[in-house]
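Have a look at the structure below, then the notes.
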Amino acid sequence: MAATYSIAVIGDWESVMGFRALGLDTYPVTTPDEAREEIKRLAKEDCAVIYLTETLAKSMTDVLERYKDELRPAIILIPGREGSLGIGKENIQRAIERAVGADIL
């Protein structure tokens, strides 16, 4: 039987609650330390994708570095209620450069 993987969204309450309506698991947190603990816990479970707000991610470069080359969970940065900080786009651009050897964006 195939494993069933979950998709999680971690961020401030206002940024994550809309994702609940889409059927995603939401984890409202208020500090980067709370987010770190959630990511650690979810990584041990069957979580395939974690959407993390850029606001939290800017204080969690150690966590992003730790999981960037892991198959699971994939951590994808999303804008929070404050709007985009550009961190998610930068991360995607770097990943593409590593994969194809050039900046195609």
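With respect to the conditions (1) surrounded by 15 or more Cβ atoms within 10 Å (Cβ to Cβ); (2) modelled with pLDDT of 70 or more, Asn91 lacks only one, and its number is (2).
Only residues that are open to solvent by less than 60 Å² (accessible area, probe 1.4 Å) and either part of a helix (DSSP H, G or I) or under 20 Å from Tyr67 (Cα atoms) (or both) were counted across the range 20-47, and they come to 12.
Among the residues of the range 4-19, the ones that are touching a residue at least 60 places away in the same chain (Cβ under 8 Å), part of a strand (DSSP E or B) and among the polar types (S, T, N, Q) come to 0 in all.
In the range 71-96, the residues that are under 14 Å from Ile50 (Cβ atoms) form Cβ pairs under 6 Å with partners that are open to solvent by less than 40 Å² (accessible area, probe 1.4 Å) and modelled with pLDDT under 70, at six or more places apart or across chains, as follows: Leu77/Gly88.
Looking across the range 36-62, the residues that are farther than 25 Å from Ala3 by Cα and not acidic (Asp, Glu) come down to Thr53, Thr55, Leu56, Ala57, Lys58, Ser59, Met60, Thr61. Here Lys44 meets each of (1) over 14 Å from the mean Cα position of the chain (by Cα); (2) modelled with pLDDT under 90 with one exception, condition (2).
The values are calculated or read from the model by the stated rules, or taken from the named source; none is laboratory data. Remember, predicted model here, so these are calculated numbers, not experimental data. So basically every Cβ, Gly included, is an ideal-geometry build from the backbone, and we count neighbours across all protein chains shown. When the accessible area is computed, the model is the full protein with side chains, heavy atoms only, and any ligands, DNA or RNA have been set aside. Shrake-Rupley method; radii C 1.70, N 1.55, O 1.52, S 1.80 Å.
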